[in-house]
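Undergrad: Take a look at this one; I'll ask things after.
The values are calculated or read from the model by the stated rules, or taken from the named source; none is laboratory data. Since the model is a prediction, treat every value here as computed from it, not as a measurement. Note that each Cβ is placed from the backbone with ideal geometry, even for glycine, and that neighbours are counted across all protein chains shown.
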Amino acid sequence: MEPLRVGLCGLGTVGRGVVELLARNADRIAHQAGRGIEVVRVASRTPRPAVDLGKAVFTTQIMDVVDDPSVDVVVETMGDVAASRRLFEGAVAARKHFVTANKALIATAGGELLPQAARAGVAVGFEAAVAGGIPIVKTLREGLAGNNVQWIAGIINGTSNFILTAMASEGRSFADALADAQARGYAEADPAFDVQGIDAAHKLTILAALAFDTPLDARVVYAEGVDRLTPEDIEYAHALGYRVKHLGIARRTSDGVELRVHPTLIPEERLLAKVDGVMNAVVVNSDAVGSSLYYGPGAGAQPTASAIVSDLIDLARGNAVEAPAPRGDVCCLPMSAVETAYYLRIPSVDQPGVLAKVAQILSVNAISIEAVIQREHAVRQDAGRAWVPVIILTHRVKEAAMDAAVSAIEALDEVIDRVTRIRVEPLDDHA
Ligand SMILES: NC(=O)c1ccc[n+]([C@@H]2O[C@H](COP(=O)([O-])OP(=O)(O)OC[C@H]3O[C@@H](n4cnc5c(N)ncnc54)[C@H](OP(=O)(O)O)[C@@H]3O)[C@@H](O)[C@H]2O)c1
């Protein structure tokens, strides 16, 4: 049988990983696919003579790959969304299948692009776009296809997880932990995408589209990053029996689907609480299976190449790769309608009666308290006033009620600064 002929665009970390993996495991891959998979064309902005491209022809023009009649499938590992989109449109016009690692492309333009591909009979593979080496796209699309998924909770940004792990284990500040992540090459020079939760929101958009038929449109996801966390909050969370993790959460409720990315307190005994460093993990709770956990490296040249090659093997086998199809009757809930428990840190002057006022405000908003910590040794002096952090854990309540309560608490004379709030999730089989 003829080999599947690949045109690769982008020869950076992931692109080089794809070239190396296809060469190193060529026999195994051909056995799995039923035919060989060969890179015949490579396009990238800058030539990389040190990379062994075998017989592939190099060009600096990405459209040369689309125009090459010998290319069956275009693999995109550039990252630049505008260029990737042009490449996608070219590939669809030329009836060439398209495989990408680009979560930003799929999560922001997939709703428009995937139907175009489907109409043209072009398959789009994006296993590499979420959680690198963890085959979570296939898991949702195939392994769990017969389940109704109830919720998904994932550590899907390795940079944020590395930062949180460093803050928790070494008591470092966010800025210090970020500088370490950058020095080790885990974070970009401009880390905003990772630390503000945007990258995780893109990945959650894709997971939710597969599991809940929500639109491939990242604007429906609420995103908050790890950039405002302090080691103090992480320490209080520990004292309460929790760990702080940056989670992407998608949950089916009777009112609609919750889609949110934010730091989250989770019970220390959950497996997700033990996922440290740059590793990724996703828990899927579904009706037939219950909770299942998928853990592994969420980035890196070889793990990401593994995901791309799995898409290529699917195409070589002639497997149908269906695009997620959003359903009009599925509603995505605004954050104000999301129901969760909360951790609050309230900086208040150190005098009697403050806690009673706070409790009164929570009660008026139908918020019940689960636990309170106020440590006398935590008293600080600021501008001549003694103040103390009051820590409160609440039961579940709608975000809108918590917004109202936090505004009222911040308006108290005794509260000297903004209230810190972190959402709390039990992640048990029923939550
Ligand atoms: N790195 C990971 O671990 C990882 C994991 C999962 C998904 N991804 C995704 O994979 C994609 C690639 O990531 P990466 O880390 O491999 O990036 P990278 O190391 O920066 O490589 C990007 C490559 O694409 C080339 N390129 C960029 N824009 C181009 C354009 N307009 N025309 C031609 N070539 C262009 C770059 O050329 P130059 O050499 O001239 O810059 C470079 O060779 C991104 O979408 C990323 O989100 C990465």
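Undergrad: Within the range 393-420, restricting attention to residues that are among the charged types (D, E, K, R) and touching a Lys or Arg at 6+ places or on another chain (Cβ under 8 Å), which residue is nearest to Ile367 (Cα to Cα)?
TA: Glu410
Undergrad: Another question about this same structure. Show the residue pairs that are 6+ apart or on different chains and have beta-carbon atoms under 7 Å apart, the first residue being within the range 118-129 and at negative phi, the second being of a type in the set (Lys, Arg) and away from the ligand (no atom under 14 Å from the Cβ).
TA: Ala120/Arg95; Val122/Arg95; Val122/Lys96; Glu127/Lys138
Undergrad: Would you mind finding the one in Val226, Val244 that is outside any strand (DSSP E or B), farther than 30 Å from Leu113 by Cα and touching a strand residue (DSSP E or B) at 6+ places or on another chain (Cβ under 8 Å)?
TA: Val226
Undergrad: Run Asp72 past the list (1) acidic (Asp, Glu); (2) surrounded by fewer than 18 Cβ atoms within 10 Å (Cβ to Cβ); (3) under 27 Å from Ile136 (Cβ atoms) and report the number of the one that doesn't hold.
TA: The single condition Asp72 does not satisfy is (2).
Undergrad: Output yes when any residue across the range 85-92 is out of contact with any strand residue (DSSP E or B) (no Cβ under 7 Å at 6 or more places or on another chain) and within 18 Å of Glu127 (Cα to Cα), and no when none is.
TA: Looking for residues that are out of contact with any strand residue (DSSP E or B) (no Cβ under 7 Å at 6 or more places or on another chain) and within 18 Å of Glu127 (Cα to Cα), one finds at least one in the range 85-92, hence yes.
Undergrad: Which residues, taken from the range 334-344, are in a loop (DSSP other than H, G, I, E, B) and surrounded by fewer than 20 Cβ atoms within 10 Å (Cβ to Cβ)?
TA: Of everything in the range 334-344, just one residue is in a loop (DSSP other than H, G, I, E, B) and surrounded by fewer than 20 Cβ atoms within 10 Å (Cβ to Cβ), namely Pro334.
Undergrad: Being loosely packed, with under 15 Cβ neighbours inside 10 Å and of a type outside the set (Lys, Arg) is the filter here; which residues of the range 4-25 pass it?
TA: Ala23 - this is the single residue of the range 4-25 that is loosely packed, with under 15 Cβ neighbours inside 10 Å and of a type outside the set (Lys, Arg).
Undergrad: Go through (1) within 16 Å of the ligand (Cβ to nearest atom); (2) of a type outside the set (Gly, Ala, Ser); (3) more than 11 Å from Ala131 (Cβ to Cβ) for Asp314 and report which single condition fails.
TA: Here Asp314 clears every test but (1).
Undergrad: What number of residues in the range 380-431 are of a type in the set (Ser, Thr, Tyr) and surrounded by 14 or more Cβ atoms within 10 Å (Cβ to Cβ)?
TA: Residues that pass the stated criteria total 2.
Undergrad: Now for a different question. Among the residues in the range 249-258, are any farther than 23 Å from Gly298 by Cβ and out of contact with any strand residue (DSSP E or B) (no Cβ under 8 Å at 6 or more places or on another chain)?
TA: Looking for residues that are farther than 23 Å from Gly298 by Cβ and out of contact with any strand residue (DSSP E or B) (no Cβ under 8 Å at 6 or more places or on another chain), one finds at least one in the range 249-258, hence yes.
Undergrad: Give the residues of the range 341-352 that are in contact (Cβ under 8 Å) with a residue 60 or more places away in the chain and either more than 18 Å from Tyr236 (Cβ to Cβ) or aliphatic (A, V, I, L, M) (or both), sorted by residue number.
TA: Correct list: Ala341, Leu344, Ile346, Val349, Gln351.
Undergrad: Within the range 213-228, identify whether any single residue is out of contact with any His (no Cβ under 9 Å at 6 or more places or on another chain) and within 22 Å of Thr394 (Cβ to Cβ), and answer yes or no.
TA: Looking through the range 213-228, at least one residue is out of contact with any His (no Cβ under 9 Å at 6 or more places or on another chain) and within 22 Å of Thr394 (Cβ to Cβ).
Undergrad: Would you check which residues across the range 33-55 are under 23 Å from Glu89 (Cα atoms), surrounded by fewer than 18 Cβ atoms within 10 Å (Cβ to Cβ) and not β-branched (Val, Ile, Thr) and list them?
TA: Passing the criteria: only Arg45.
For every residue, the table says whether it meets (1) surrounded by fewer than 24 Cβ atoms within 10 Å (Cβ to Cβ); (2) at pLDDT below 95; (3) assigned by TED's automatic domain parsing to the domain that holds Ala101.
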position: Val122; (1), (2), (3): yes, no, yes
position: Leu144; (1), (2), (3): yes, no, no
position: Asn148; (1), (2), (3): yes, no, no
position: Ala153; (1), (2), (3): no, no, no
position: Ala166; (1), (2), (3): yes, no, no
position: Gly171; (1), (2), (3): yes, yes, no
position: Ala183; (1), (2), (3): yes, yes, no
position: Glu224; (1), (2), (3): yes, no, no
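Undergrad: A further question follows. Hey, does the range 137-145 have a residue that's within 15 Å of the ligand (Cβ to nearest atom) and in contact with a helix residue (DSSP H, G or I) (Cβ under 9 Å, 6 or more places away or on another chain)?
TA: For the range 137-145, residues within 15 Å of the ligand (Cβ to nearest atom) and in contact with a helix residue (DSSP H, G or I) (Cβ under 9 Å, 6 or more places away or on another chain): present.
Undergrad: If you don't mind, there's one more thing I want to ask. Give the range 345-377 a look and list any residue that's in a helix (DSSP H, G or I), within 20 Å of Asp413 (Cα to Cα) and not charged (D, E, K, R), or say none.
TA: Result: Val354, Leu355, Ala356, Val358, Ala359, Gln360, Ile361, Leu362, Ser363, Val364.
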